[in-house]
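Structure, as structure tokens:
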Amino acid sequence: MTEGRIIIFSAPSGSGKSTIINALRERGDIDMQFSVSATNRPPRDGETDGVHYYFLSTPDFEARIAAGDFVEYEEVYPGRFYGTLRSEIDRILASGHNCVLDIDVKGALNVKRLYGDRALSIFIMPPGIDELRRRLEGRGTEEQEWIEKRLAKAQWEMDFAPQFDRQVVNDDLTRAVAEVAAIIKD
Ligand code: 5GP
């Protein structure tokens, strides 16, 4: 059995990262098993516990930190914690599959530091901040206050891009998907 690798995707929210990941899934030619993160943020409409995230209360999240259950965790937005469970990575790698992480920039760089050559970190660049605002507002799932917070954060996140193994600009979805697929296959 060939050993699985860790593929880490990171991007400002609204950069089209989820769309790219979904398109890669649909291609079906790349082995990808998703690690389900834990978070203390409330589920959005259509999100299912154990599928999109493990939705935990804040005390439960803190208990998992204390138990050492996370490979990494970050307060991605004020009061909102997200963490990668060691059990998810171990389970997926042990089954021989590639383990895909969709996590914030700091978490991504921490996982890369921990796993070294076993991990590939990919940063998805949005085409620009105006386009990012348009996409976030079009999504209609968040209140304006949270959109502003995400935009401020996006600027900060883009400064980390050079520290990733690879950077892919999502100016054209089809092209970006092809580029990511080629990078992973390589
Ligand atoms: P959302 O609330 O939109 O689902 O996710 C917000 C941010 O949290 C995204 O940038 C996402 O990549 C990040 N995130 C999700 N899971 C994790 C995780 O396990 N660890 C870290 N560090 N960030 C995560």
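The values are calculated or read from the model by the stated rules, or taken from the named source; none is laboratory data. Just so it is clear, the structure is predicted and the values come from calculations on it, not from any experiment. When we count neighbours, we look across all protein chains shown, and the Cβ atoms used for this are built from the backbone with ideal geometry, even at glycine.
When you check GLY107 against the structure, is it surrounded by fewer than 14 Cβ atoms within 10 Å (Cβ to Cβ) and touching a residue at least 12 places away in the same chain (Cβ under 8 Å), yes or no? Please lay out each step first, then the result.
On the way: surrounded by fewer than 14 Cβ atoms within 10 Å (Cβ to Cβ): no; touching a residue at least 12 places away in the same chain (Cβ under 8 Å): yes.
In short, no.
Please find, among THR2, THR19, the residue that is assigned to a loop (DSSP other than H, G, I, E, B), of a type in the set (Val, Ile, Thr) and modelled with pLDDT under 95.
THR2
One line per residue, one yes/no per condition, for (1) over 14 Å from the mean Cα position of the chain (by Cα); (2) modelled with pLDDT of 95 or more:
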{"residue": "TYR115", "(1), (2)": "yes, yes"}
{"residue": "SER121", "(1), (2)": "no, yes"}
{"residue": "GLU148", "(1), (2)": "yes, no"}
{"residue": "ALA176", "(1), (2)": "yes, yes"}
{"residue": "VAL180", "(1), (2)": "yes, yes"}
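State yes or no: is SER87 surrounded by fewer than 15 Cβ atoms within 10 Å (Cβ to Cβ), more than 12 Å from the ligand (Cβ to nearest atom), among the small types (Gly, Ala, Ser) and under 23 Å from TRP146 (Cβ atoms)? Reasoning before the result, please.
Values: surrounded by fewer than 15 Cβ atoms within 10 Å (Cβ to Cβ): yes; more than 12 Å from the ligand (Cβ to nearest atom): yes; among the small types (Gly, Ala, Ser): yes; under 23 Å from TRP146 (Cβ atoms): no.
Criteria not met by SER87.
I'd like the full set of residues that are of a type in the set (A, V, I, L, M, F, W, C) and without any contact (Cβ under 8 Å) to a residue 40 or more places away in the chain, limited to region 51-75. Show your work before the answer.
Initial filter on region 51-75 (of a type in the set (A, V, I, L, M, F, W, C)): 51, 55-56, 61, 63, 65-67, 70-71.
Listed by number, the residues that qualify are VAL51, PHE55, LEU56, PHE61, ALA63, ILE65, ALA66, ALA67, PHE70.
Please tell me if ALA94 is surrounded by fewer than 11 Cβ atoms within 10 Å (Cβ to Cβ) and aliphatic (A, V, I, L, M). Steps first, please.
Numbers: surrounded by fewer than 11 Cβ atoms within 10 Å (Cβ to Cβ): no; aliphatic (A, V, I, L, M): yes.
Criteria not met by ALA94.
From the residues in region 31-63 that are among the β-branched types (Val, Ile, Thr) and within 11 Å of the ligand (Cβ to nearest atom), which one is surrounded by the fewest Cβ atoms within 10 Å (Cβ to Cβ)?
Just the residues of region 31-63 that are among the β-branched types (Val, Ile, Thr), to begin with: 36, 39, 48, 51, 58.
Subset that is within 11 Å of the ligand (Cβ to nearest atom): 36, 39.
Working: VAL36: 15, THR39: 18.
Top of the filtered list is VAL36.
Looking at GLY14, GLY46, can you tell me which residue is over 14 Å from the mean Cα position of the chain (by Cα) and part of a loop (DSSP other than H, G, I, E, B)? Don't jump to the end; show me each part of the working.
Working: GLY14 fails: over 14 Å from the mean Cα position of the chain (by Cα).
The unique qualifying residue is GLY46.
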Checklist entry - If you take the residues of region 97-130 that are within 14 Å of PHE9 (Cβ to Cβ), assigned to a helix (DSSP H, G or I) and among the small types (Gly, Ala, Ser), which of them is nearest to the ligand (Cβ to nearest atom)? => result GLY107
Checklist entry - If the Cβ limit is 6 Å and pairs must be 6+ apart or interchain, which residue in region 162-186 that is without any contact (Cβ under 8 Å) to a residue 12 or more places away in the chain pairs with which residue that is in a strand (DSSP E or B)? => result GLU179/VAL168
Checklist entry - If only one of GLU26, GLU74 is at pLDDT 95 or above and of a type outside the set (Gly, Ala, Ser), which one is it? => result GLU74
Item to check | Selection within region 71-80 - crowded, with 21+ Cβ neighbours inside 10 Å and more than 7 Å from the ligand (Cβ to nearest atom) | outcome: VAL71
